[in-house]
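I'd like to ask some things about the structure below.
The values are calculated or read from the model by the stated rules, or taken from the named source; none is laboratory data. Just so it is clear, the structure is predicted and the values come from calculations on it, not from any experiment. A quick note on method: Cβ atoms are made from the backbone with ideal geometry, for glycine too, and the neighbour counts reach across all protein chains shown. Heavy atoms of the whole protein, side chains included, go into the accessibility calculation; ligands, DNA and RNA do not. Shrake-Rupley method; radii C 1.70, N 1.55, O 1.52, S 1.80 Å.
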Amino acid sequence: MEATHVHGAGHAHGDDHAHHPKGIMRWITTTNHKDIGTMYLWFSFAMFMVGGAMALIIRAELFQPGLQYVEPEFFNQMITLHGLIMVFGAIMPAFVGFANWMIPMMIGAPDMAFARMNNWSFWLLPPAGILLTASMFVPGGAAGTGWTLYPPLSIQMGIGMDMAIFAVHILGMSSIMGSINIVTTILNLRAPTMPLMRMPMFCWTWLITGYLLIAVMPVLAGAVTMILTDRHFGTSFFNAAGGGDPVLFQHIFWFFGHPEVYIIALPAFGVVSHVIPAFARKPIFGYTSMVYAIASIALISFIVWAHHMYVVGMPVAGQLYFMYATILIAVPTGVKVFNWVATMWRGSMTFETPMLFALGFLFLFTIGGFTGLVLSNTAVDVQLQDTYYVVAHFHYVMVAGALFSAFAAVYYWLPKWTGHMYDEKLGQWHFWLSIISFNIAFFPQHFLGLAGMPRRIPDYALQFTDFNQVSTYGAFGFGLSQLLFLYVVLKAIRGGEKAAAKPWEGATGLEWTVPSPAPYHTFEDPPVLTESKGHA
Amino acid sequence: MSEKRSADNRRVMVRLLAVAGLMFGFGYAMVPMYQKFCEVTGINNLLNADDPLRNTQVDTSRTITVEFDANLHGLPWSFKPGQTSVAVHPGELVHVVYRVSNTRDHPVTGQAIPSYGPQLAAAHFRKMECFCFTKQTLGAGESREMPVVFVIDPALPKDVNTITLSYTFFEVAGTLAEPASKPSRPGA
């Protein structure tokens, strides 16, 4: 397995093999950024499978109108857990995994700044994942509020809600510790010859994402703590019976929730900013404008939160402010999309799997961005709020955006991690199956939403049947396609064509100067950058 | 890792932890901030009673002048509006009176027929209460104040700024046996 390879490389390279224990204790006690990155990625994939299975239960129930397979209460729990698990268990840990693996190698650091804390950040995740999944089996079942945990329902539910709150606390702690680690690593451990403005783009996106996480995860922790004390300790933050206001929760939640969108999207932007230049064989177009675009997206993301709540009874002035501020985000995002397209302009492009996923990202994320602009208009949103149009919109951003970018990252860096090339043909199959089934699953949901089908309801009116059936076929196709992904990754771990230190002709950056697979310890002495090794 | 580098790292960590701690506090600070904000702007004040009930469909951006006119057709009565005109907003409920007195020495029965100028205003002039809905019988020398309660429909075309409401009283011949014509038919 991969472990053996990495381990073997460590022996070949290092002098400290006596330091780390064997077997399971090696993984539990490891402080090595590559081990921890690997664990993050496997945890993320396991959660992706769990959350995906829940999505398939949802889609199976929605295959026909009426109630077929599950009770409405259980349907709501699936909706909630699918959202929480995919956001906090799958997508975020995946990008933290990439950060752990790649950032020290990209900036020429020997490891993360706080190696022991890094181990803690990871090992907080499995308990949180277990709490979330186990909450299905307690009396009353899991939280059925949707991932947004809105009161009053979240104040009324059973013990499963407490487990979800505790899981969110743990996940938040893990994220904050991970972010502090990443930010400190990037600020303090860069090779002495690497100024911030020559840093690889993935590091830039993670530096800013780290700051976002440190700023907003505590706000979410505060919000769920208030729910907890409302439930058990007699406070009335949101409990209207005691003078609280449920709408206050929505303000606090979305003050976290909107930056969270960019916490997920920015590292995805970072990955794409590596993959597109590598396969277009041109440096990224407009490096400086990319950095400023990331920073301004992050700043604006703090002042637009109430566009998620246009219908709570906001005054028109408030609606207009949040509408214009939201539309403003399209400007820096447009700069980024323009720069990616300009990078490809007259490039010598080839279309290996990472590039295919990056292009799939570019195309579908832009569609998701456009539907986001549609929804940002108050007058339109009043009609579309809580319909399948919203579901389609954020799945284009989260799945075709973040997840496709994560696939691009895995295929791009897999040779560096395993020392073997993945099976290119199967990788391309995975891409085409994914992108086609994704669109079959989610494109019809736009139409369902426009026709007025509400989200988070297990039953629907007869006229929505056809599009729902198409969507369910696509969802099952998409789910099954991911088993092919697992197979491709396992195959590359077990063997395959030997990968060169730099398997991609157009790739740049320090990570490609170390052998493949990357030795257990890299850059014990900081490298000296030459002009050509600058930003990736 | 050198001592200096660890110290640097620790300093960054302490600062970032302080930011995280402050933001946790900020989450709680949003509670009073939100209450204060709603109090100052008057949004969502749950502790005060709601505003008294009122008709929210009054279009205060428009003012319509309604002029009143009174005519008699072969009746020995005196018939006058209590006011020559009123300024009203569309959607607003308006009360006006007409004064009528019988100058004869025996009872007379009459029926008032309304008409409107411009005529297209008739469809937007909604009378809730009107003496014209029924026949009026006045005893010898009797005087009365008769109410008209109406609302001008906000859908009234924008170019109509003045409406004239004109009543004409006709003597109803014979006895009560003859049915009255439908009172609110415009221009009849």
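Could you order the peptides A:183-192, A:91-100 from most to least packed, using the average number of other C-beta atoms within 10 Å per residue?
Result, highest mean Cβ count within 10 Å first: A:91-100, A:183-192.
Which of the chymotrypsin sites (Phe, Trp or Tyr not before Pro) across segment A:197-237 are loop residues per DSSP, with 13 or fewer other Cβ within 10 Å?
When the chymotrypsin sites (Phe, Trp or Tyr not before Pro) of segment A:197-237 are filtered for loop state and at most 13 Cβ neighbours within 10 Å, A:233 remain.
Which of A:504, B:9, B:57 sits farthest toward the positive end of the charge dipole of the protein assembly as shown, with +1 on the Cβ of Lys and Arg and -1 on the Cβ of Asp and Glu?
Positive-end residue among those listed: A:504.
How many partner chain Cβ atoms sit within 10 Å of a residue's Cβ in peptide B:28-36, on average, as a whole number?
If you average over the peptide's residues, the count of other-chain Cβ atoms is 4.
Shifting gears a bit: Please give the total accessible area that chains A and B bury against each other, computed with a 1.4 Å probe and expressed in Å² to the nearest 100.
So the total buried area for this chain pair works out to about 2200 Å².
I need the fraction of alpha carbon pairs in segment A:392-513 separated by more than 19 Å, rounded to a whole percent.
So the portion of pairs separated by more than 19 Å is 56 percent.
To the nearest 10 Å², what's residue A:514's accessible area with a 1.4 Å probe?
10 Å²
Among A:361, B:76, B:152, flag the residue with its Cα farthest along the positive direction of the charge dipole of the protein assembly as shown, charges on Cβ as +1 for Lys/Arg and -1 for Asp/Glu.
It is A:361, whose Cα lies furthest towards the positive end.
What nm distance separates the two modelled labels at residue B:36 and residue A:469, each placed 7 Å from Cα along Cα→Cβ?
5.9 nm
Shifting gears a bit: Work out the length of the dipole vector of the protein assembly as shown about its Cα centre, built from +1 on the beta-carbon of each Lys and Arg and -1 on the beta-carbon of each Asp and Glu, and round it to the nearest 20 debye. Don't skip to the answer; put the middle values down first.
Numbers: 39 positive and 42 negative charges, 261 e Å.
So the magnitude is around 1260 debye.
Using a 1.4 angstrom probe with every protein chain in place, what is the largest-first accessible-area order of A:348, A:154, B:115, B:61?
On the way: A:348 70, A:154 0, B:115 40, B:61 95 Å².
The ranking, largest first, comes out as B:61, A:348, B:115, A:154.
Counting only residues 5 or more places away or on other chains, whose amide H sits under 5 Å from the amide H of residue A:387 once H atoms are built in the peptide plane?
Result for residue A:387 returns A:455.
How about residue A:498: which aspartates and glutamates have a C-alpha closer than 19 Å to its C-alpha, ignoring those fewer than 8 places off in the same chain?
A:2, A:352, A:423, A:424, A:511
Right, here's the next one. Of all alpha-carbon pairs in segment B:114-161, indicate the percentage at a distance above 14 angstrom.
I get 60 percent for the Cα pairs in segment B:114-161 exceeding 14 Å.
Under 27 Å between alpha carbons, and skipping anything fewer than 8 positions from residue B:135 in its own chain: which lysines qualify?
Leaving aside lysines fewer than 8 places away in the same chain, those within reach of residue B:135 are B:80, B:127, B:182.
So what J values fall out for segment A:138-145 if you push phi through Karplus, 6.51 cos²θ - 1.76 cosθ + 1.60 with θ = phi - 60°, rounded to Hz, Gly and Pro as x?
Rounded to whole hertz, the list is 8, x, x, x, 6, 4, x, 9.
Next question. Show me the three semi-axes of the equivalent ellipsoid for the protein assembly as shown, from the C-alpha gyration tensor (sqrt of 5 times each eigenvalue), largest first, rounded to whole Å.
Those come to 71, 26, 25 Å.
How shielded is A:222-233 by partner chains, expressed as the average number of their Cβ atoms within 10 Å of its Cβ atoms?
Mean shielding count: 2.
Can you sort A:356, A:483 by 1.4 Å-probe accessible area, starting with the largest?
Correct descending sequence by accessible area is A:483, A:356.
Another one. Sort A:26, A:281 by heavy-atom solvent-accessible area, probe 1.4 angstrom, most to least.
Numbers: A:26 10, A:281 70 Å².
From most accessible down to least: A:281, A:26.
Please report, ordered by residue number, every helix of chain A (full DSSP H runs) that is 15 Å or longer along its axis going by C-alpha atoms and whose mean Kyte-Doolittle hydropathy reaches 1.0.
Numbers: long enough: A:2-13 (16 Å, -0.68); A:33-61 (42 Å, 0.86); A:72-84 (18 Å, 0.25); A:92-107 (22 Å, 1.38); A:159-188 (43 Å, 1.43); A:201-232 (45 Å, 1.31); A:246-280 (50 Å, 1.25); A:287-300 (20 Å, 1.71); A:316-344 (43 Å, 1.22); A:353-376 (33 Å, 1.80); A:404-418 (20 Å, 0.51); A:424-450 (39 Å, 0.53); A:465-494 (44 Å, 0.72).
Helix filter hits for chain A: A:92-107, A:159-188, A:201-232, A:246-280, A:287-300, A:316-344, A:353-376.
Additional query: Can you check how the C-alpha radius of gyration of segment A:223-379 compares to 2.2 N^0.38 Å, as a plain ratio?
For segment A:223-379, the normalised Cα radius of gyration comes out at 1.32.
Same structure again: Exposed loop GluC sites (Glu not before Pro) only (DSSP loop, at most 14 other Cβ atoms within 10 Å): please give the longest stretch of chain A free of them, not including the sites.
With a cap of 14 other Cβ atoms within 10 Å, the longest stretch comes to A:1-496.
Per-residue ellipticity at 222 nm for chain A, helices alone: DSSP H runs ≥ 4 residues times -39500 (n - 2.57), over residue total, nearest 500 deg cm²/dmol?
Working: 19 runs with 353 residues, N = 536.
The helix-only estimate for chain A comes to -22500 deg cm²/dmol at 222 nm.
Would you kindly give the portion of the calculated P(r) for segment B:64-171 that falls above 18 Å, as a percent of all Cα pairs?
46 percent
Quick one: of A:34/A:502; A:416/A:491; A:282/A:336; A:336/A:502, which pairs are farther than 21 Å apart, Cα to Cα?
Beyond 21 Å: A:336/A:502.
Around residue A:420, which amide H atoms from residues at least 5 apart in sequence, or from another chain, sit under 5 Å from its own amide H, with H modelled in the peptide plane?
Close amide H contacts, sequence-distant or interchain: A:499.
I would also like to ask the following. Keeping all protein chains in position, work out how much accessible area residue A:393 exposes to a 1.4 Å probe, and write it in Å² to the nearest 10.
40 Å²
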